[in-house]
Amino acid sequence: MAISRDDIAAVLDEIALLLEIKGENPFKTRAYRNGAETVRNYDGDIVKKAAANELDGIKGIGKALQEKLHELASTGELKFHQNLRAEFPEGLFDLFGIQGLGPKKVRALYDQLGVDSIEALKTACTDGSAAGLPGFGKKSIEKLLEAIALKEQFADLFRLGDIAPIAESMLENLRQHPDSLRVEIAGSYRRSKEVLHDIDFLVATPKPAEMTEYFSQLPEVDSVIVCGSTKASVRLANGLQCDLRAVSNEQFPFALQYFSGSKEHNVALRSRALKHGWSLNEYGFTPKDKTSPAAPAVKEEADIYRILELDRIPPELRENRGEIEAAEAGEIPRLVELENLRGTFHNHTTASDGKNTLEEMAEAARDLGLQYLGIADHSKSQFQANGLYPDRLLKQVAAIQELNQSWDDFQIFTGTEVDILKDGSLDFEDDVLEQLDYSVASIHGSFQLPEKEMTARIIKAMENPHVTMIGHLTGRLLLRREGYAVDVDKVIDCAIRTGTIIELNCNPRRLDMDWRHWQRARDKGLMTSINPDAHATEQLQYLAYGIRLARKGWLRREDVLNCMTLDEVQRWLKLPKEQRMRA
DNA sequence: CTTTCTCTAAAGTGCACTGTGGCCAGTGC
C-alpha cells in the first residue's frame, strides 16, 4: 500500500523528536515539525506531488525536505530517518508521554543511566540513581513517579472520540453480514462514557458460530484472543479489545439490556424484577417460584423497562444515579438531541491556532445546517497559539461584520477565548471585550494553584459583565492530565448568580465540564453551551460527542444555549448578564 | 532547515512556572 499523507507527516514529526534528543539546532527541529504540519494541511495531493518530485514553491518545504519527501513518497522509506532511529532504542519514545520529561531530560536519563523505557525510568526513580543527575531533585523524582502512576492507570483505556470511528465502521461491517438480524454496540460505549476499556458488540443471529468467525476476521482486527461458537474477543492494532456476543433473536433484547450496564444499574433493575416475581438476566425473565406470574413477552429492550413499570431509560443515564427512581415517577427528561443544535460558540480560525480561515469555518458550519457560528480565537497571552492583540482582534471583528452582510440566514458572532490570568483578571480590558458579541474565558496557565485560589480566580472572571461563558472548566486532558483543583459546586453557584454559562467543551480530549456535575447543576438552573473548540472545519463534528455527554448529564434542549434559534440567541446576548440564566 | 535579504549571511514565537542550585535550565502552553 502506498504511503499516506499522515504517515509522511508522522515520519517528519519523529525526525524532529529524534533531532531534539540529539540536541540539534532548535530551528532545524522546528523546520521538520513545520514540515509535518504543512504536509498534513496541504490543499491538494501532496503525496502524489512528492512522488513526482514537484514540490517547488510550497512554503515551509525547502530543498532538504523536498528531497526527503520525494524519497518517502516514491520508496515508502527514508534512509535518513531509519539511520536516526537506529541510534536510539524503541522504548525511548514512550518516555515523551510522561509529563515533565522533555528532550533534555530524556537525553540525560538515557546517556547517563541507560534509561530506555518507562519501566527503567521507574527503577531509576525508586533506586535513587536518577536523583544523582543534575536537574533531578527530590520533587522532580516525586513528580515523575506520579506521572508514571497516572500513565499506568490509563494504560488500557481509550477516549470515546478516538475509538468511535472504528467502532462505527465495525458495526457497519457486522450489519452487512446476511446472517445478522440485529447488531448493536452495548457496554460503556452505548452509555457514552468518556473513556472506555473495550467495546462490546452484540448480534442477534441464527448462525452464531458463523458470526464470531466473521467478526474475528474483520479488516480492523489485528489479533484474535478467543473465537468460540457464541463469543469472540479480538484486539485492534491500537490495543483496544473488542468482544462480540452472538445470541438468538429472542434473547437479543435481554442481552442488549444486560451488556449495556452499568453493573450498578442492572443490580437495581434485577432487584426490581424480583419484586415483580421474576429473576432477570441476559437471557430473559424467569419466574421466581410457583406463585410468580408467567414471564411476559419481550420483543425489544424498551419492553423490559415497560414490564417493570418504568419509563424507557436512555442508555446514557444508566449509571444508577437516580434514573430508576425518575423512570418510576415518569420523570425521565426528554434529553437534548443533535438535531436540536442551531449553532455553536468557541471555535478557532487561522487568526490564532486554527487550521481554517474564517470563511472556511463559516461555510463548514452552514454545511452542517447551523444558523450561527461563534468565533473565539486566543487572546494575546497565548503567544504560542498566535493569540490576538486588540488591534488584530478588532480587525477580525470588522471582517466578520463585513462577511455577515453576505447571508440573511446565517451569522458569525464575534468573540474571543480570553485568558483568565493568574489573579483572575482578563487578558483584554473591558473596553475591548465590550466591542464583541460574547466571550469565552479560559485558563491556560498557572495550573498548579491551590483549590481556593483557583476557585476565586474563576469566580472573579465570572463576575466580569463581559464574560459570557467559562471555557473547559477544569482543563483536564482525558488520559493525559488531571484537571486543576477547583471547587466545582462553588463555581456552579457563582455561574448561576452572575448569569455566566459554563461550556460543555466537546473536544474529545476534554469533555469538560464532566457529565457527573451536569444533572446537579441543571437542577440549580445552570445553562451550558455545547462547544467543539474546533481548530479545523472537520472538528465541528465534535458536537456529536457533546450531545452524547450532555445527554449523559441529563441535559434537555432548554438547558443548552446553542439550541436557541438565531433570533433567540441574538436577543439573549443583548440581555444584561443577571437576566440571562433561566429560572 | 527555511526564509529572507541592504541576496550568500542572519534570523527564525515569548513567557510563566517549577525546581533546583546558587541565579538558571527545562518544560509546557
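Quick notes on this one:
- Rounded to the nearest 20, the Cβ-based charge dipole of chain A about its Cα centre (Lys and Arg +1, Asp and Glu -1) stands at 1140 debye.
- Under 21 Å of direct C-alpha separation, and excluding same-chain neighbours fewer than eight residues apart, A:Lys290 reaches these lysines: A:Lys275.
- Cα centroid separation, region A:86-153 to region A:461-499: 33 Å.
- Probe 1.4 Å, all protein chains present, accessible-area order of A:Lys79, A:Lys355, largest first: A:Lys79, A:Lys355
- Under 9 Å, Cβ to Cβ, from A:Glu417 - net charge with Lys/Arg +1 and Asp/Glu -1: -3
- Here the sum of -39500 (n - 2.57) over DSSP H runs of 4 or more residues, divided by the residues of chain A, equals -12000 deg cm²/dmol at 222 nm, to the nearest 500.
- Helices meeting the span-like rule in chain A (full DSSP H runs, Cα extent of at least 20 Å along the helix axis, mean Kyte-Doolittle score of 0.0 or higher): A:5-21, A:160-176.
- Extension gain from A:Glu264 to A:Glu538, taking 0.36 nm per residue of separation minus the Cα-Cα distance: 95.0 nm
- A crude spin-label estimate for the pair A:Arg334 and A:Asp431, with each label 7 Å from Cα along the Cβ direction, gives 4.9 nm.
- A:Lys122 contributes about 70 Å² of solvent-accessible surface, heavy atoms of the protein only, 1.4 Å probe.
- Accessible area per residue, Å², chain A with all protein chains present, probe 1.4 Å: 46
- Positive contributions from Lys and Arg (+1) and negative ones from Asp and Glu (-1), summed over other residues with Cβ under 9 Å from the Cβ of A:Asn320, come out at 0.
- Within the accessible area of chain A (1.4 Å probe), percent carbon and sulfur: 49
- Prolate/oblate/rounded label for chain A (Cα gyration tensor, a/c 1.5): oblate
The values are calculated or read from the model by the stated rules, or taken from the named source; none is laboratory data. Everything numeric in this text was worked out from a predicted model, so none of it was measured. Here the Cβ is made from the backbone with ideal geometry for all residues, glycine too, and neighbour counts use every protein chain on show. Just the protein is used for accessible areas: all its heavy atoms, side chains included, with ligands, DNA and RNA removed. Shrake-Rupley method; radii C 1.70, N 1.55, O 1.52, S 1.80 Å.
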